Amino acid sequence: MAERRVDGDLRVVQVTEALAEQCGALETMCFPHANPDHLVTATDVRAYAKVFPEGFFVVLDGETVVGQGAGILLDFDFAHPQHRIVDLVGKDGCGSHNPAGAWYYGTDIAVHPGWRRRGIGQMLYDLRKDLVRRLGKEGILAGANLAGFHAHKAHMSAPAYIEAVVRGELYDPTLSFQINQGFEVVVALENYLEDPDTDSWAALIRWRAPPRCVPTQF
């Protein structure tokens, strides 16, 4: 992917090792309560830069990292969907990457608090969809962070919260946005990523790529 300018000084690039420290710091800033061992680190970013840089998008304001979206290609067992992110991704956050895999699994998305509401999240999802279509993959999978669950968990379970968000009865800053991006919820994921705010729950979400048009043969 060539560098893409999107909004004033904002531009999108593929990840490089030179951006590793900034990307790791952004991850910690965006998920301060999560287990740091389960987050994308600078070491992981360096591995992505070698293994699958095409799947790791970085948004820069000047030379400052203000957003990022990472992922790997893999096959997924929908008959047994429960998993922890740390187990799924493999060594250095991308060891399970398989170029022949049918799905792009979104391992991380983060936007600096000072740069939110500028369309960065939308742009990162659009870039992922473009990549999936270009590579001819089935679609996108991810574990959706339940950003608003902490305000409701005293009186409802995570699966019930997810169902309420899907029905439109509750708004979740992350999951509602993803549903509006065309994602469907597959199942609630228990012990997905250690975070006291979510009691380690997430929602497995899926976006199916539209079928490719095949020219009619005469």
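Throughout, read-outs are computed from the coordinates displayed, never taken from laboratory work. Computed from a prediction, not measured in an experiment: that's the story for all the values here. Positions of Cβ are generated from backbone atoms using ideal geometry, with glycine treated the same way; all protein chains shown enter the neighbour counts.
So for region 74-187, what are the equivalent ellipsoid semi-axes in whole Å, largest first, each being the square root of 5 times an eigenvalue of the Cα gyration tensor? Walk me through the numbers before you get to the answer.
On the way: eigenvalues 122, 68, 40 Å².
Value: 25, 18, 14 Å, ordered largest first.
List the GluC sites (Glu not before Pro) within region 45-153 that fall in a DSSP loop (any state other than H, G, I, E or B) and whose Cβ has at most 12 other Cβ atoms within 10 Å.
Values: sites: E54, E63, E138; in loops: E63, E138.
Taking region 45-153 and a limit of 12 other Cβ atoms within 10 Å, the loop GluC sites (Glu not before Pro) found are E63.
Taking square-rooted eigenvalues a ≥ b ≥ c of the alpha carbon gyration tensor, is region 34-130 rounded, prolate or oblate, where a/c under 1.5 means rounded and, failing that, a/b exceeding b/c means prolate?
Working: a/c = 1.70, a/b = 1.54, b/c = 1.10.
Here region 34-130 falls in the prolate category.
So which aspartates and glutamates can K153 reach, going by Cα to Cα under 19 Å and dropping same-chain residues fewer than 8 places off?
E163, E169, D172, E190, E194, D195, D197, D199
Which helices, counted as full DSSP H runs in the chain, have an axial Cα extent of no less than 18 Å and a Kyte-Doolittle average of -1.0 or above?
Values: long enough: 120-135 (23 Å, -0.24).
Passing helices, by number: 120-135.
What is the magnitude of the charge dipole of region 131-218 about its Cα centre, with +1 placed on the Cβ of each Lys and Arg, -1 on the Cβ of each Asp and Glu, and no other charges, expressed in debye to the nearest 20?
Details: 8 positive and 10 negative charges, 146 e Å.
Charge dipole of region 131-218: 700 debye, to the nearest 20.
I want the local charge near I162. Using Cβ-Cβ distances under 14 Å, sum +1 for each Lys or Arg and -1 for each Asp or Glu among the other residues. Don't jump to the answer; show the numbers that get you there.
Details: positive: K153, R167, R206; negative: E163, E169, D172, E184, E190, D199.
Spelling it out: positives minus negatives among the neighbours equals -3.
Would you mind ranking D44, D37 so that the residue whose beta carbon has the fewest other beta carbons within 10 Å leads the list? Could the numbers behind the result be given before it?
Numbers: D44 24, D37 8.
Final ranking by Cβ density, sparse to dense: D37, D44.
If you place +1 on the Cβ of every Lys and Arg, -1 on the Cβ of every Asp and Glu, and leave all else neutral, what size is the dipole of the chain about its Cα centre, to the nearest 20 Debye? If you can, show how the numbers build up before the last one.
Numbers: 20 positive and 28 negative charges, 166 e Å.
Roughly 800 debye for the chain.
Connecting C-alpha atoms closer than 10 Å in a GNM of the chain, tell me which of W115, W201, W103 has the biggest fluctuation.
W115
Less than 14 Å Cβ to Cβ from A209, Lys/Arg counted +1 and Asp/Glu -1: what total charge do the surrounding residues give? Provide the component values of the computation, followed by the final result.
Working: positive: R128, K129, R133, R134, K137, R206, R208, R212; negative: D126, D130, E138, E184.
Neighbour charge sum, excluding A209 itself: +4.
Using each residue's phi in region 90-96, evaluate 6.51 cos²θ - 1.76 cosθ + 1.60 at θ = phi - 60° and report the 3J(HN,Hα) Karplus result to the nearest Hz, with x for Gly and Pro.
So the J values, rounded to whole Hz, are x, 4, 6, x, 8, x, 8.
Under a 5 Å amide H to amide H cut-off, with H placed in plane at 1.01 Å, what residues pair with A147 once short-range neighbours are removed?
Amide H neighbours of A147: T174, L175.
Could you give me the percent of Cα pairs per 10 Å distance bin for the chain, shortest bin first, beginning at zero and ending with the bin that holds the maximum distance?
8, 34, 39, 16, 3, 1, 0
Give the aspartates and glutamates reachable from K50 as a straight Cα distance under 16 Å; neighbours fewer than 8 places away on the same chain don't count.
List returned: E17, E21, D92.
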